[in-house]
Amino acid sequence: MAEDPAGKSVLARLVEIVGAVHVLTADEDKAPYLTEWRGYYRGVTPAVVRPASAAEISAILELANETGTPIVPQSGNTGLVGGQIPDESGREIVLSLERLDKVRSVDADGATIVAEAGVVLERLQEAAERAGMLFPLSLGAQGSCRIGGNISTNAGGTQVLAYGNTRSLVLGLEVVLPTGEIWNGLRGLIKDNSGYDLKQLFIGAEGTLGIVTAAVLKLFPRPSGQTVAFAAVESPRAALGLLKHARKLAGTGLTAFELMPRIAIEMLVKHMPGARDPLAAPHPWYVLIEVSSGRGESDAHELTLRSLAAALAEGTVADAAIATSVAQAQDFWRMRHALSEIQKHEGASIKHDVSVPIERTPDLIRLGSEAVAKAIPGVRPVPFGHLGDGNLHFNFSQPVGADGKAFLARAPDVHGIVHRIVTEMGGSIAAEHGIGRYKRELLKGVKSEIELEMMRKLKRAFDPNNILNPGRVV
């Protein structure tokens with residue numbers, strides 16, 4: 001490894017900053033930090049460093065900037081595009097945020113919570129709940145992902161429809177810059193027009209411009225009533241008909257609207273312990289709908305019932321089941337959250353995280369499925385996700401009995417097909433998972449040169465020595 005200007009090794013300096021116990025160098029200790037859960041990326045690092053404060057991170061980045069040592073920030077290691085995994089060079093040091101795990105304060109009256117970057121999302125939700133409030137960011141990995149990673153990837157999840165994505169939930173940030181300087185922007189202001197909104201530069205930047213160490217986040221009143229239902233529809237176009245009625249009747253009380261194909265339900269019933277078919281008969285498509293109300297359970301139930309009845313009368317809904325207990329509602333949600341994981345049991349899958357204008361989602365599903373099936377006969381499309389905000393996880397499982405490695409080798413072809421259709425529809429090839437390493441080269445085909453150059457200028461301005469998450473995003 002490199003040496004600092006005084007001739008001391010970087011590793012020795014890191015030990016001085018955080019203590020020997022928090023500089024992991026043994027292979028077995030580093031292993032959990034070097035691969036992401038899908039197994040797409042496996043990295044090499046001389047050390048994993050686990051600081052406990054912004055001050056320690058400041059000292060680490062100042063050292064890295066002096067010595068040209070590349071740093072890869074890692075939060076909960078649940079990212080899906082490889083941005084948190086070191087490369088294979090053996091030069092990049094992993095900086096884990098797991099020890100920055102304090103909820104600093106909760107202000108129910110001001111509807112804010114201040115949390116450090118290493119706080120697990122589920123713990124943050126629970127802290128808000130104890131104060132009688134709601135932190136609405138919700139996703140399948142919430143038991144292990146950390147809020148710093150959520151902010152750095154601008155995480156979406158299942159409640160974007162009502163509350164917006166992470167970008168909409170952040171009021172202020174504390175950030176350590178690549179030079180080691182600390183920006184204290186922990187202001188919990190709803191309105192602040194005093195110049196550029198600097199915090200937005202770091203939200204979704206995937207740790208390439210600075211390391212988020214703490215955040216002021218918005219809280220909301222907890223709904224006093226909530227109803228969850230499974231509805232069967234004949235097509236994604238019919239699902240949009242139900243969305244229209246639910247929006248009209250429930251308004252902002254429509255907190256989730258998730259689309260799932262029949263094949264996904266079959267995979268869940270086959271592989272997920274305790275999963276059952278949600279309705280008596282099979283249907284081509286399903287919608288998981290959640291309605292929340294500040295006026296109580298009966299109001300949420302009534303709004304859901306009226307939305308379903310209107311769609312039934314119109315013929316856009318074929319059948320529906322409303323959860324009759326909290327346990328059943330949780331079972332419905334477990335099925336939805338398990339979809340990505342359950343696909344592993346069916347072999348290899350090629351995945352996309354895309355968004356298009358909401359009214360074009362049925363066209364995307366039809367055109368994308370047809371085009372990929374033509375290229376790979378027998379492929380099994382499994383498109384699902386957040387229909388209410390136009391974000392689909394447009395996944396393809398390998399043909400039954402196919403060789404998984406051979407199927408994954410076709411990923412560039414499949415990406416090209418899907419991303420071309422998405423781009424022609426004015427959509428995005430990275431709706432909520434980010435760019436990381438996985439999509440970095442793909443950006444060149446979907447963004448204009450002026451967009452890419454603006455991004456490069458930002459990177460050069462903040463990180464002229466390119467030490468912070470190099471090779472990711474730009």
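Values in this text are rule-based calculations from the coordinates and carry no lab data. Keep in mind that what you see is a predicted model, and the values were worked out from it rather than measured. Because the Cβ atoms are built from the backbone with ideal geometry, glycine has one as well, and the counts that use them run over all protein chains shown.
Under the simplified labelling scheme, the Ala461-Asp101 pair shows an inter-label distance of 3.7 nm, with each label point 7 Å from Cα along Cα→Cβ. What you get for the chain, charging only the Cβ of Lys and Arg (+1) and of Asp and Glu (-1), is a dipole of about 660 debye around the Cα centre.
Comparing region 225-340 with the 2.2 N^0.38 Å rule of thumb, its C-alpha radius of gyration ratio is 0.99 (two decimals). Using the Cβ-Cβ distance between Arg295 and Asp319 with R0 = 41 Å, the FRET efficiency computed as 1/(1 + (r/R0)^6) comes to roughly 0.90. The charge dipole of region 231-317, taken about the Cα centre with unit charges on the Cβ atoms of Lys, Arg (+1) and Asp, Glu (-1), comes to about 180 debye, rounded to the nearest 20.
Cβ-to-Cβ counts within 10 Å put Glu258, Glu66, Glu122 in ascending order as Glu122, Glu66, Glu258, the fewest first. In this simple spin-label approximation, Thr25 and Asp277 carry label points 7 Å from Cα along the Cα→Cβ vector, and these lie 6.0 nm apart.
Annotation for Leu201 and Arg187: the two label points, set 7 Å from Cα along the Cα-Cβ direction, are 1.5 nm apart. Comparing Pro221, Ala281, His386 along the charge dipole axis of the chain, the residue lying farthest to the positive side is Ala281, per the Cβ-charge model.
For region 395-409, backbone phi angles converted through the Karplus equation (6.51, -1.76, 1.60; θ = phi - 60°) give residue-by-residue couplings of 9, 10, 8, 4, x, 4, x, 6, 7, x, 5, 5, 5, 5, 5 Hz, Gly and Pro being listed as x.
For region 328-351 versus region 379-452, the inter-centroid distance based on Cα atoms is 18 Å. Ratio of Rg to Rh for the chain: 0.98 [Cα atoms; Kirkwood radius as inverse mean 1/r over pairs].
Charge dipole of region 406-474 (Cα centre as origin; +1 on each Lys and Arg Cβ, -1 on each Asp and Glu Cβ, all else neutral): 220 debye, rounded to the nearest 20. Taking the DSSP bridge list for the chain and keeping only pairs wholly inside it, about 90 percent are antiparallel. Taking the Cα centre of the chain as the origin and placing charges on Cβ (Lys, Arg +1; Asp, Glu -1), which of Ile182, Ala327, Pro86 is farthest toward the positive end of the dipole? So the residue we want is Ala327. With 23 Å as the limit, the listed pairs Lys191/Lys248; Lys351/Lys374; Lys218/Lys459; Lys248/Lys351; Lys244/Lys270 have Lys191/Lys248; Lys218/Lys459; Lys248/Lys351; Lys244/Lys270 beyond it between alpha carbons. The distance linking region 13-59 with region 177-217 is 24 Å (Cα centroid to Cα centroid, whole angstrom).
If you take all other residues with their beta carbon under 11 Å from the beta carbon of Glu174, and give Lys and Arg +1 and Asp and Glu -1, the sum is +2.
Were the residues from Glu449 through Asp109 laid out at 0.36 nm apart, the gain over their Cα-Cα distance would be 117.8 nm.
Considering only Phe230, Leu240, Val120, and ranking their Cα positions along the charge dipole of the chain that arises from unit charges at the beta-carbon of Lys, Arg, Asp and Glu, the one farthest toward the positive end is Leu240. Estimated at 0.36 nm per residue, the fully extended path between Ser89 and Ala373 surpasses their Cα-Cα distance by 98.5 nm. Report the normalised scattering of region 347-439 as log10 I(q)/I(0) at q = 0.13 Å⁻¹, calculated by the Debye formula with identical scatterers on the alpha carbons. Each listed q maps to, in turn, -0.39.
Over the Cα atoms of region 10-96, the radius of gyration divided by the Kirkwood radius equals 0.95; this is the Rg/Rh ratio.
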